[in-house]
1. Could you give the spread of the C-alpha atoms of the stretch 105-179 along their three principal axes, from largest to smallest, in whole angstroms?
2. Just for the Cα atoms in the chain, what are the lengths along the principal axes, largest first, rounded to whole Å?
3. From the P(r) of the stretch 1-95, could you give the percentage of C-alpha pairs in the tail past 24 Å?
4. Among all the aspartates and glutamates, which ones have a C-alpha under 12 Å from LYS134's C-alpha, if same-chain residues fewer than 8 places away are not counted?
Amino acid sequence: MATILCIETTTTNCSVSISRNGKTIAIKEQNTQGYSHAESLHVFIDEVLKQCGISKMEMDAVAVSKGPGSYTGLRIGVSAAKGLCYAMNLPLISVDTLQALSMQVNEMGAVYIPMLDARRMEVFTAVYDVNHKKIEATRALILDKTSFSEHLNSGKTVFIGNANEKFKTLCTHSNAVFVDGLLPSANEMGFLANEKYKISDFENVAYFEPYYLKDFMSG
């Protein structure tokens, strides 16, 4: 029964959770526009550990949201995760940010398209099937009126993330479902991290780098 510390800092939401056997048992998160991750992250880690009554030494692994997302946020989260792994000799697990975001919503028969703001009309996105398995690769996409038309014409298509407002100005398709107000969270990371833990799918702590996708998205 793996106990995993999960760290999510790819957007303005600074989020930390403890999962046990793939289920969240404690979480602390805060969404602020000022990107207070550097100040808040280690405080949040201490708080969730205290909430569970366990120490860092009782962790079986550390999981980090690997991106894409904010360049600064990714650097902070990955640096913290790697530091903890070095200090406690723990395995490092990376979690697909967009897949975890897609898992916040469950709609019968839907395709899930998480989108994170990459400034102007560009988004970071990927496409996941009804079981939240990736069916189109992660990419940076400039939105237009034809974006995702293949999926929209085929059935219910659920859009999730902080770039929804951009696409709403372009998309009026009857199959489009916009679930607003959601950001990547450590809450959904536990299940994905536990699946990787079970098969020892770990990163090389020394060489692991976040999935920036585009370097210009600072802040």
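1. Each principal axis gives a Cα extent; for the stretch 105-179 these are 32, 24, 20 Å.
2. 51, 33, 30
3. 12
4. Straight-distance partners of LYS134: ASP96.
Read-outs throughout are calculated quantities, based only on the coordinates presented, and are distinct from any laboratory measurement. For clarity, every value in this text was computed on a predicted model and none was experimentally measured.
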